[in-house]
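Structure first, then comments.
The values are calculated or read from the model by the stated rules, or taken from the named source; none is laboratory data. These figures come from a predicted structure and were not determined experimentally. Please note: Cβ atoms are built from the backbone with ideal geometry, for glycine as well, and neighbour counts cover all protein chains shown. When the accessible area is computed, the model is the full protein with side chains, heavy atoms only, and any ligands, DNA or RNA have been set aside. Shrake-Rupley method; radii C 1.70, N 1.55, O 1.52, S 1.80 Å.
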Amino acid sequence: MVIYFQADSAGDRKKSKGGGKMNEEISSDSESESLAPKKIEEEEEEEELEETVQEKKLRLAKLYLEQLRQQEEEKAEAREFEEDQVAGRLKEDVLEQRGRLQKSVAKEIQAPVPDDIRVLRGHQLSITCLVITPDDLAIFSAAKDCTIIKWSVESGQKLHVIPRIKKGTEGQPPGHCSHILCMAISSDGKYLASGDCSKLILIWEAESCRHLYTFTGHRDAVSGLAFRRGTHQLYSTSHDRSVKVWNVAENSYVETLFGHQDAVAALDALSRECCVTAGGRDGTVRVWKIPEESQLVFYGHQGSIDCVHLINEEHMVSGADDGSVALWGLSKKRPLVLHREAHGLQGMPGLEQPFWVSSVAALLNTDLVATGSHNNCVRLWQCGEGFRRLDPLFDIPLVGFINSLKFSSTGDFLVAGVGQEHRLGRWWRIKEARNSVCIIPLRRVARPPASSS
């Protein structure tokens, strides 16, 4: 029994000894596995310890300086961009003050589709003149039927009608009893002035169309009116050959200037204390310097000069019944450009006569000009650099006499006053024409987006 027990005990001890070896191998493997990440961590710590405190400070300082440099570069770029914009605006302001600003917009204008032209009908006889309010929200039109209509640009609806009155009848609301030849609106949109063949100038409150004053003093039909921009000073001209100055805000007459040798046909003005006139049959365009009571005389057309319009303070465009359109600079007494037969010829072979230029307009401080005649179109032109050239852009089909043209202040649309007869007479009558106000949209070519770097 004992010997058997001892043998068993020895076998057990042997077995236990073998099991101990296995346990040692397993534990050694697990220890080696657990030591591996520790070793890596220790190596990383050693690497970190290799960077001294001074080196770390230097590295962080370099990162901070790099960030500052990038921020300063971004600020400099933004500042340079703003300075370029400010410089551009300042340059435009200086050129505008000097009267020499010429923005290039003509090439961006697209020819309108005829179906996009809106036709507003309400006058019984030919439209003679029109104006657009400074905010481009309303149009005033006047005609040979002695009425004035205020239109909404957006809806095309009539906002107000100032009816014709009968001459010599008392108790009537204020109005005109003869052909209205000209209108003007102040740059703040407060006052509207209208002049007629009865030698009268009527002043209205533009918002309500309420009559305020009546100016008398001209001895013949009032043919031209213009407010000086930024003021309530009104210039008027007449077939009596004179130019008169009025203060509308004070309801007062200021002075009269003489110089033309024939009935004056048209007048225009901008911000300077001066105005320009088209002298009709005397063949001159004149610039009137009001404070000095002096005038500059310009020659170039061969026929009656019926319309004139300032492009900026130093340049203007005029049209005549010899079919010519002229660009002028105030420093030269002759046209910078004279474009003859601007709207072509009419009549039998061998007896051709040019189409009269009955209206001109210019988009302020740009290179875009429009002219009208009775050859079934309005023609748009581009003025070359320095106003040394005048190139046709495209024609807009409109049947009838184009008696008045006006660009909106933004250049988004052009308004034409169309009639069956010329505004100053009845030499021809185009029966198929419609007495109407036409709003012509002027869409611009979309500029390609800037390429991303």
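Summary table
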item: Cα-Cα over 20 Å, subset of Lys190/Lys289; Lys332/Lys406; Lys167/Lys190; Lys166/Lys199; Lys166/Lys244; Lys150/Lys244; result: Lys190/Lys289; Lys332/Lys406; Lys167/Lys190; Lys166/Lys244; Lys150/Lys244
item: All-pairs alpha carbon distance profile, region 304-350, 10 Å steps from 0, percent; result: 26, 48, 18, 7, 1
item: Coordinate range along principal axes, alpha carbons of region 358-453, Å, largest first; result: 63, 27, 21
item: Ranked packing of 320-329, 128-137, most packed first, by mean Cβ within 10 Å; result: 320-329, 128-137
item: Tyr191 long-range amide H proximity, modeled H, under 5 Å; result: Ser186, Ala206
item: Å² per residue, accessible surface of region 259-327 at 1.4 Å; result: 27
item: Virtual spin-label span in nm between Leu296 and Asp412, 7 Å along Cα→Cβ; result: 3.5
item: Amide H contacts under 5 Å for Gly344, placed H, 5+ residues apart; result: Phe355
item: Kirkwood Rh, angstrom, region 316-398 [1 / mean 1/r, Cα pairs]; result: 13.1
item: Rounded percent of accessible protein surface that carbon and sulfur make up, region 334-453, 1.4 Å probe; result: 51
item: Under Karplus coefficients 6.51, -1.76 and 1.60, residue-wise ³J(HN,Hα) of region 148-158 in Hz, glycine/proline x; result: 10, 10, 9, 10, 7, 5, 5, 9, x, 8, 6
item: Evaluated over region 143-255, the Cα radius of gyration and Dmax, each in Å; result: 13.7, 41
item: Portion, in percent, of the accessible area of region 138-217 that falls on carbon or sulfur, probe 1.4 Å; result: 49
item: In sequence order, calculated HN-Hα J values of region 416-433 (Karplus, 6.51, -1.76, 1.60; Hz; x Gly/Pro); result: 10, x, 10, x, 6, 10, 5, 5, 9, x, 10, 6, 9, 9, 9, 5, 6, 6
item: Square roots of five times the Cα gyration tensor eigenvalues for region 157-219, Å; result: 19, 15, 11
item: Packing rank of 202-210, 245-253, 174-182, 311-319, where each peptide gets the mean count of other beta carbons within 10 Å, highest leading; result: 311-319, 174-182, 202-210, 245-253
item: Sequence-separation-based contact order of region 201-245, relative, with Cα cut under 8 Å and 6+ spacing, percent; result: 27
item: ³J(HN,Hα) computed for each position of region 243-248 - Karplus, 6.51 cos²θ - 1.76 cosθ + 1.60, integer Hz, glycine/proline x; result: 10, 10, 10, 10, 10, 5
